[in-house]
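Down below is the structure, laid out as structure tokens.
The values are calculated or read from the model by the stated rules, or taken from the named source; none is laboratory data. Fair warning: this is a prediction, and the values are worked out from it, not measured in the lab. Note that each Cβ is placed from the backbone with ideal geometry, even for glycine, and that neighbours are counted across all protein chains shown. In case anyone asks, the SASA skips ligands and DNA or RNA and just uses the protein heavy atoms, side chains included. Shrake-Rupley method; radii C 1.70, N 1.55, O 1.52, S 1.80 Å.
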Amino acid sequence: MLELLTDPQAWIAFATLTALELVLGIDNVIFISILVDKLPAAQRALARRLGLFMAMFMRIGLLLVLSWIIGLVAPLFTVLGQEVSGRDLILILGGLFLIWKSTGEIHHAMEGGEESSGSKARATFTAVILQIMVVDLVFSLDSIITAVGMVDEVAVMIAAVVASVALMMVFAGAIGDFVSEHPTVKMLALSFLVVVGVVLIAEGFDHHVPKGYIYFAMAFSVIVEMLNIRVRKRLGTPARTPNGH
């Protein structure tokens, strides 16, 4: 362990992997922000922290069973000449869940009208945490497989996961509040999650989509939306919700 602390290569690997985990965790933070927005205001901070804690322990747990993770890439069966592994199944099912959940949220925003107390009540604390765990399993699996290919030391991987989650906790509250206060940003985030779901399904069928293109499109859209928000503030025009309220 002491050798790792004095090894420059270990520190470079730690910094690189922490940055990677942060980038790959952006989707997760956005999804958590949208889910906890359905809860009463008093429960949102706790749900957000608990969701991120679950993410951290889930990723550490996956790192401790690396042999199982590596085994997931072995083909389980073949369909129409396409080999399907355990990782592929998890990515496909996770992508379908993400698309279903995001389109449901978009439909509610477009057609649901004003948020009723009944819909708030249906979004129970336990249900939100369980949904966070389901999606985090998909995001964790992809990032852990990437980490295995980059770093040999499990201790470095675990340290990078803990550091990245700690940094996400610092910014998750501000991101969540910002998404909650700006309906157009929330709609943009939901659209991002639909795209991510489609990419996960494509990855599950061995059609690799370069992540750089996805993140560039997301960053460009966010910059345009930030400019729109500044223009609305300067003109004194409030942001309108998708249903016109």
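The table that follows gives values for the structure above.
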read-out	value
Carbon and sulfur %, accessible surface of segment 172-238 computed with the full protein complex present, 1.4 Å	71
Met226 accessible area, 1.4 Å probe, all protein chains in place, Å² to nearest 10	70
5 angstrom amide H check on Ser85, placed H, neighbours 5+ away	Leu76
Of every Cα-Cα pair in segment 156-201, the percent that sits beyond 11 Å	71
Cα centroid separation, segment 23-96 to segment 176-225 (Å)	16
Förster radius 22 Å - calculated FRET efficiency between Phe205 and Leu72, Cβ distance, rounded to 0.05	0.90
Heavy atoms of Asp206: accessible area, 1.4 Å probe, square angstrom to 10	100
